[in-house]
Amino acid sequence: MKKSTMFERPCFRGLLAVACLMTTAFTGSATAQNRPVIERIEPTTGAPGVEISIVGRGFSPRNTFLLGNVELPVVRRLPNRYTVTLPPNAPSGAVTIRTRQGDFAGPYFRVIAGRPAPVITAVVPPSAPPGSEVELQGQNFSSRLSDNLVFLNNRPVVVRAATPHSLRVIVPAGVQDGPFTVRVVGAGESQSPVFQIGVPVAITVLEPAAGPPRSRVVLRGAGLSTDRRRTRVTFGGQLARTMSASPDAITVTMPRRASGAHPFVVTLPNGTVVTTPVFRIQNPPVVADFAPHEGAPGTTLVVTGRHFGTDVRAVQVQIGGRPLRVRSVNDTQIQADVPPGITSGPVDVSVYALSARSRHVFTVAASLAITSVVPTSGAPGSVVVLSGQGFDARPQANRVRIGGTNARVLTASPNELRVEVPNGPSGTIELQVGHATARPPNPFIVTSPPAIVNFQPRSGPVGTLVTIVGRGFGDRAGIVRADIGGIPMSVRSVSDGQVVVEVPRRARNGRISINVGMRGGAGTPQDFQVETSQRAVSAVTPAAGFAGTEVTVRGQGFPRRGILVQFAGAAAVAATRDSPVQIRAVVPQGAQSGPVTVLLPGGRSMPGGVFQVTAAPAGLRITAIEPECAYAGCRVVLRGFGFSTRARTNQLRFGGVRVNVDAATPTTLTFRLPNTPRLINQNIQFELRVARDRTQSPPFMIIRRPTGGPTVRIRR
């Protein structure tokens with residue numbers, strides 16, 4: 001019955017008619033969308049039996065594929081690709097897909113006549129072992145390898161060559177007697193008579209695999225001959241004497257002049273040639289001795305003898321049936337490591353399955369361990385005794401390090417080592433014997449007491465900085481202690497060859513002692529004379545300069561705070577105290593040449609000589625950076641000359657970031673360090689521009705302020 005279209009269906013008038021038309025249109029659109037489509041077929045020509053791939057969309061397992069009125073059987077289904085076979089009675093025509101909505105035609109397929117079926121006329125040879133090549137002779141084979149499908153007793157067979165009259169195939173392993181089947185694509189198949197699987201000819205085992213000339217060797221295999229006289233065996237081109245022959249073994253005597261490593265070449269009476277695994281001419285090894293005769297796991301065992309060869313892979317060393325790791329081999333010596341868990345026993349050496357045994361027994365000692373170290377500290381060159389177990393009686397076989405520095409072993413026994421302390425740092429003692437390592441729980445302290453050569457000055461008041469010259473002070477100020485007559489001194493700086501200390505209050509005449517951690521201490525060769533503290537100024541440095549110059553005033557008796565310095569023609573300025581014998585002050589603006597006076601608390605004063613005030617140099621320059629601290633936001637004073645007294649006229653930048661100057665004089669600029677993340681922990685110069693002049697400061701680093709930490713102010 002013919003289906004009516006949307007235009008043939010009756011609909012009501014008015015709004016119902018519109019709804020009806022919209023419903024019909026929607027249904028027709030959905031049907032069109034679900035309609036299957038055949039886009040292409042592969043191939044488009046073929047004989048009966050060929051497989052055809054149909055590519056398209058909208059396929060369903062309920063669909064049927066036709067060529068003319070003949071159904072095409074489906075052999076594989078994929079979402080957009082179906083594979084069908086062409087039956088013998090199918091005509092040429094369009095490939096059609098039949099659905100519930102009707103038939104839909106696709107591309108045209110042309111059916112051609114099939115090729116004649118293949119015929120097998122002979123199998124040459126009629127019997128052969130697995131792995132052999134066999135020729136199938138006949139007719140109507142394909143010249144294309146892939147078109148010839150060959151089976152032996154239903155097992156796939158590899159086709160190596162193909163012509164219309166011959167197929168050369170390989171007999172597969174594990175197959176049983178049965179016929180060959182040849183199937184040519186699009187042309188049918190043919191079957192041969194039963195093919196006999198023969199015994200494969202092979203020699204797989206040599207007993208032994210190595211030996212000296214004139215030794216007897218058994219060649220074991222299958223498919224061999226019992227005819228001893230007609231079985232020919234050669235080794236490296238030399239004829240070996242055949243002693244006996246059977247289907248699975250041939251016994252030969254090696255030639256007298258045989259040498260090297262070669263396979264045997266066996267020629268059987270039927271002409272078959274068989275090659276064996278390699279046999280190596282090797283004299284049996286001889287073990288003369290080994291050393292040491294006793295040792296702990298990890299000990300390196302040295303075996304001496306002969307006929308060991310040079311191939312590490314061919315040598316095995318065992319003690320009590322446990323293998324050792326062979327490290328090196330030459331013809332007269334083997335070095336091997338004793339593994340953990342081994343038991344005492346003779347040393348067995350095997351070279352290419354030829355073995356020998358030692359006359360002596362290797363005794364396994366206790367595991368390597370250090371139980372005591374006496375003494376636990378000492379100077380370089382002194383002797384320390386290590387007691388324990390598992391040591392090597394040969395001193396050079398025990399490797400000792402103290403603090404990472406090699407130490408010389410003077411004498412050795414299985415339970416004690418006498419070791420010379422090296423000139424190096426303190427640290428853990430490490431003993432290595434073979435591959436075993438032992439360490440005591442506590443470090444060894446290498447004592448290297450400091451030495452004092454000289455000190456300057458030899459006398460001075462409280463606050464004097466004394467420089468002590470020598471060696472062995474190190475570079476860690478935290479472990480250096482100093483005193484004079486038993487009174488502690490402040491350590492101002494430390495290097496390995498020099499220590500600077502400050503004479504403290506209540507100090508008395510006496511030798512200055514320096515102690516460095518656990519290294520010990522040393523004293524000055526003479527006493528330091530502590531002078532009576534009298535308030536006086538000894539020098540003003542420099543003696544001349546312009547306003548803004550920092551002046552150092554040296555003397556004695558300077559109190560901790562409240563010190564002022566008076567320059568002629570200007571108000572007194574506050575001084576910074578470095579020590580009881582040194583203060584610093586900046587020449588103020590308006591100062592004139594004339595006397596310098598140090599003003600002390602309580603109205604006392606100390607004359608300081610004459611200071612000459614000079615004109616500031618021409619140009620612009622930054623001479624010093626004086627920060628309160630190095631964190632962002634800290635106050636900084638730049639010193640120099642050529643600055644503008646108007647703060648905004650001084651254009652100051654740090655790393656390209658503009659810095660606002662809070663106060664300015666011709667020789668000072670006051671500001672705060674910028675808080676810019678990219679400038680933190682960077683060595684950057686201040687760049688200053690005043691009018692047309694430019695200058696740069698030495699590098700300065702703003703450091704990151706610790707979270708929650710206090711502001712660390714820089715001591716001036």
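The values are calculated or read from the model by the stated rules, or taken from the named source; none is laboratory data. Predicted model, so just to flag it, every value in this text is computed and none were measured. With ideal geometry, Cβ positions are generated from the backbone for all residues, glycine too; neighbour counts draw on all protein chains shown. Accessible surface is based on the protein model in full, side chains and every heavy atom, while ligands, DNA and RNA are left aside. Shrake-Rupley method; radii C 1.70, N 1.55, O 1.52, S 1.80 Å.
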Relative packing of peptides 227-234, 178-185 - highest average C-beta neighbours within 10 Å first: 178-185, 227-234
Karplus 3J(HN,Hα) series, Hz, for region 294-309 with 6.51 cos²θ - 1.76 cosθ + 1.60 (x for Gly, Pro): 9, x, 8, x, x, 5, 8, 8, 10, 9, 10, x, 7, 6, 8, x
Set Lys and Arg Cβ to +1 and Asp and Glu Cβ to -1, take the dipole of the chain about its Cα centre, and tell me which of 398, 215, 266 lies farthest positive. 398
Would you rank 65, 104 by solvent-accessible area, highest first, keeping every protein chain in place and using a 1.4 Å probe? 104, 65
Given contacts defined as C-alpha pairs under 8 Å and at least six residues apart, what's the relative contact order of region 73-117, whole-number percent? 26 percent
Solvent-accessible surface (1.4 angstrom probe) belonging to residue 382, in square angstrom, nearest 10: 40 Å²
Vicinal HN-Hα couplings computed from phi for region 152-163 (Karplus, 6.51 cos²θ - 1.76 cosθ + 1.60; Hz; Gly/Pro x): 10, 6, 6, 9, x, 10, 6, 9, 8, 8, 8, 9
Dividing the helical contributions, -39500 (n - 2.57) per DSSP H run of n ≥ 4, by the residues of the chain yields a 222 nm value, nearest 500 deg cm²/dmol, of -1000 deg cm²/dmol
Surface share of carbon and sulfur [accessible, 1.4 angstrom probe, percent] for the chain: 50 percent
Per residue accessible area of the chain, 1.4 Å probe, in Å²: 53 Å²
Quick calc: nm separation of the 7 Å Cα→Cβ label points for residue 313 and residue 119 -> 5.6 nm
Once all protein chains are kept in place, residue 248 shows an accessible area at probe 1.4 Å, nearest 10 Å², of 90 Å²
So how tilted is helix 15-33 from the main axis of the chain? Cα-based, degrees 0 to 90, rounded to 10. 80 degrees
Is the chain best put as rounded, prolate or oblate by its Cα gyration tensor, with a ≥ b ≥ c the root eigenvalues, rounded for a/c under 1.5, and otherwise prolate when a/b is larger than b/c, oblate when not? oblate
Going from the alpha-carbon gyration tensor of region 145-220, what semi-axes, largest first and in whole Å, does one get by taking the root of 5 times each eigenvalue? 40, 13, 9
Among 483-492, 296-305, how do they line up by average Cβ neighbours within 10 Å per residue, starting with the highest? 296-305, 483-492
Ignoring ligands and nucleic acids, residue 670 exposes an accessible area, probe 1.4 Å, in Å² to the nearest 10, of 20 Å²
Stokes-Einstein translational diffusion, region 369-437 - Kirkwood Rh over all Cα pairs, 1.002 mPa s, 20 °C, in µm²/s: 183 µm²/s
